[in-house]
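Just below is one structure, and these are the notes that go with it.
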Amino acid sequence: MKRGWVLVAAVAVAAIATAYAMTRSGPVPDPAVAPQRPAVPRPPGAALEVTYIANEGVLIAAGGTQVLIDGLHRRYRSSYPFLPEPYREQIETAQAPFDEIDVILVSHMHLDHFHPEAVARHLRHNAAATLVSSEQVVREIQTLADYADIRSRLKTITPPLKQRVATVAGGVQVEVLGVGHGSGRHATVQNLGHLVTLGGKRLLHVGDASTEDASIFEAFNLDQADIDIAFLPAWFLTSDEGTAIVRQHIKPKHIVAVHMPADELQRAVAQIGERFPDAVPFTTLLEKKFY
Ligand SMILES: [Zn+2]
């Protein structure tokens, strides 16, 4: 009941916001209509394939193993990209090319990263997949009426702020990091970072971590972790605080920029390029990079 009203309210707010934006500045760019890039052949020697899903969603694949991070969400705010049809249906029902996912990681419960029904649907259609996420995310799935059949594949790991828990899920080494979502209204949101080892590479995803407290990232000694690829939300790459954290406490070999609003994409890409000219911004749904 409560969920129903929240949904109704959210849809109403989105509709009003869209109508308002359109009256002010013309049509809002629709994140669902981003064109797909033509398939890029895998370069010789590349061990790892990374596919941009939408917003902070990435699918990483190597040696027959696949990890999906923040890739199962639905239309939420008009400004954040999400996977349109028919791809949303494909990923939620584990159809090719999304039929070989072993591990589903979710940084936090916000709807531009996660939808409980989308995750539950994927797990139901893919008996090989396991979810690893926070108490808050798992609880959202447990509120669904029919989750009993996937219960055994929900793994809850919620390290406190500045603490980490190592686990192996679907044969993949994952370190779950309590990085938080910042202060204020997001202080109680359990936001997890993930350090994934796959295909001989180490990949970092920080969810919606904040840049306001550098000591959080300092606590993990990530600069010693030999990180090959860091998926970082744009605000880490466009602010002085974020830049300092990346350069001092993360030190990744490669940066992939994510979480850019569709209506400010070009500006975000330009700003990121000023500070991190080698960073690769994920701008086109389902585009791939090889490492
Ligand atoms: Zn968030």
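Selection of the range 197-212 for residues being closer than 16 Å to residue 163 by Cα and away from the ligand (no atom under 16 Å from the Cβ) yields only 204.
Screening the range 116-146 for residues that are in a loop (DSSP other than H, G, I, E, B) and more than 13 Å from the ligand (Cβ to nearest atom) and picking the one that is surrounded by the most Cβ atoms within 10 Å (Cβ to Cβ) gives 129. Within the range 229-248, can one find any residue that is out of contact with any Asp or Glu (no Cβ under 7 Å at 6 or more places or on another chain), within 16 Å of the ligand (Cβ to nearest atom), farther than 24 Å from residue 66 by Cβ and hydroxyl-bearing (Ser, Thr, Tyr)? Within the range 229-248 (the criterion being out of contact with any Asp or Glu (no Cβ under 7 Å at 6 or more places or on another chain), within 16 Å of the ligand (Cβ to nearest atom), farther than 24 Å from residue 66 by Cβ and hydroxyl-bearing (Ser, Thr, Tyr)), the answer is no, since none of the residues qualifies. Only one entry in 217, 290, 276, 282 is touching a Leu at 6+ places or on another chain (Cβ under 6 Å) and away from the ligand (no atom under 16 Å from the Cβ), namely 276.
Within the range 194-215, residues that are in a helix (DSSP H, G or I) reach partners that are more than 15 Å from the ligand (Cβ to nearest atom) and modelled with pLDDT of 95 or more with beta carbons closer than 9 Å, at six or more positions or on different chains, in the pairs 214/241; 214/244; 214/245; 214/248; 214/249; 215/162.
Looking at the structure I just gave you, is residue 240 surrounded by fewer than 16 Cβ atoms within 10 Å (Cβ to Cβ), under 24 Å from residue 289 (Cβ atoms), out of contact with any Leu (no Cβ under 9 Å at 6 or more places or on another chain) and acidic (Asp, Glu)? In short, no.
Looking for something more than 15 Å from the ligand (Cβ to nearest atom) and over 18 Å from the mean Cα position of the chain (by Cα) - is there at least one such residue anywhere in the range 178-189? No, the range 178-189 contains no residue that is more than 15 Å from the ligand (Cβ to nearest atom) and over 18 Å from the mean Cα position of the chain (by Cα). Exactly one residue among 88, 75 is modelled with pLDDT under 95 and in contact with a helix residue (DSSP H, G or I) (Cβ under 9 Å, 6 or more places away or on another chain), and that residue is 75. Evaluation of residue 85 against the conditions (1) surrounded by fewer than 22 Cβ atoms within 10 Å (Cβ to Cβ); (2) part of a helix (DSSP H, G or I) shows that the sole unmet condition is (2). Using the structure shown, decide if residue 162 is among the basic types (Lys, Arg), at positive phi and free of Cβ contacts under 8 Å to residues at least 60 places away in the same chain. Considered against the rule, which asks whether it is among the basic types (Lys, Arg), at positive phi and free of Cβ contacts under 8 Å to residues at least 60 places away in the same chain, residue 162 comes out as yes.
The values are calculated or read from the model by the stated rules, or taken from the named source; none is laboratory data. On a predicted model such as this, the values are computed, not experimentally measured, just so you know. In this analysis, Cβ positions are derived from the backbone assuming ideal geometry, glycine residues included, and neighbour counts consider all displayed protein chains.
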